[in-house]
Structures are given as C-alpha cells and as structure tokens.
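One structure is given below, encoded as structure tokens.
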C-alpha cells in the first residue's frame with residue numbers, strides 16, 4: 001500500500017490513494033468546529049464529509065481492483081489512514097456477515113468520543129463500508145481507553 005502514498009517536495013504535495021492531503025492539527029480543528037456550531041452539528045458536518053470521502057475512495061479502489069477481497073481492501077484503507085497520521089488503524093469485519101465492523105485506532109490523533117472528533121475517526125469507515133458492501137452503515141459505539149491510548153469504534157448496518 002505504501003506505493004499509494006507520495007510526497008512531492010518540489011510541488012509541496014502529499015498524496016494518499018491518489019488524492020492530495022494537507023497536514024493540519026485535526027484535534028484543534030475539531031475543537032473549534034464543536035465550539036462554533038455545537039458538538040451535535042459538528043458531528044453531523046464531519047460525518048457527512050467523512051462518509052462522502054469514504055464512499056468516493058472505496059468506489060475508486062473498487063474500479064481499480066474489482067476482484068480484491070473486502071478484508072484486503074479494508075487493510076489497505078487502514079494502512080493509508082495510518083500513514084496519513086490518524087493513528088495505527090485496524091479494521092475487522094466478521095466473515096460471511098454484514099454485521100458490526102470493529103475499528104481500533106492506537107495512538108489516535110483525536111481522543112474525544114463526541115462531536116467532530118468522533119465523526120472524524122469513524123465516519124470515513126461508514127462511507128467505505130456502505131460503498132463496498134452495498135448497505136448503509138453508521139457509528140454505533142465509540143470508546144477511548146486512556147491507559148492503552150486506544151480508540152475503539154463499532155460500525156453497524158442501519
């Protein structure tokens with residue numbers, strides 16, 4: 001997957017999965033968004049953005065690699081998320097099921113379980129799963145373990 005990440009210093013571009021990215025302080029951005037519009041609205045705004053991005057990226061990869069297994073694709077997306085600085089991401093989908101998908105982020109870039117931060121970490125995965133599995137998904141449960149510095153999220157079908 002590392003071949004899908006490139007930094008062109010001459011152009012000043014960071015590209016992940018063929019898309020341009022910019023490094024920002026996402027924790028501060030999420031805090032400001034929560035303060036400006038309230039945590040509920042901020043969560044909805046971030047959810048719409050992340051889910052849309054996840055759907056677009058899943059559709060693009062699926063066109064390029066139509067025969068690739070779902071878990072292999074999820075591993076690739078987790079690797080890309082890790083390389084982008086989100087944290088060390090692990091996505092696990094149960095075999096032969098459209099049931100819950102568990103997402104774990106070790107050393108997460110945001111640690112709040114509400115508002116924009118919650119949606120930032122997990123809405124992208126809702127969009128990916130929706131596109132890859134053909135069924136709408138939503139964030140069900142999010143918890144942060146301070147001792148392990150581990151954020152866990154459960155994504156479920158609607």
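Bear in mind these aren't lab numbers, they're just calculated from the coordinates by the rules spelled out. Note that the structure is predicted; figures quoted are calculated from it, not measured. Heads up, the Cβs are rebuilt from the backbone with ideal geometry, glycines too, and the neighbour counts pull from every protein chain shown.
Before moving on, here are some points about what is shown:
- Highest-first packing order for the peptide set 139-147, 40-48, 113-121 is 113-121, 40-48, 139-147, based on the mean count of other beta carbon atoms within 10 Å.
- Spin-label zone in region 9-26 - amide nitrogen under 15 Å from a point set 7 Å from the Cα of residue 68 along the C-beta vector: 16-19
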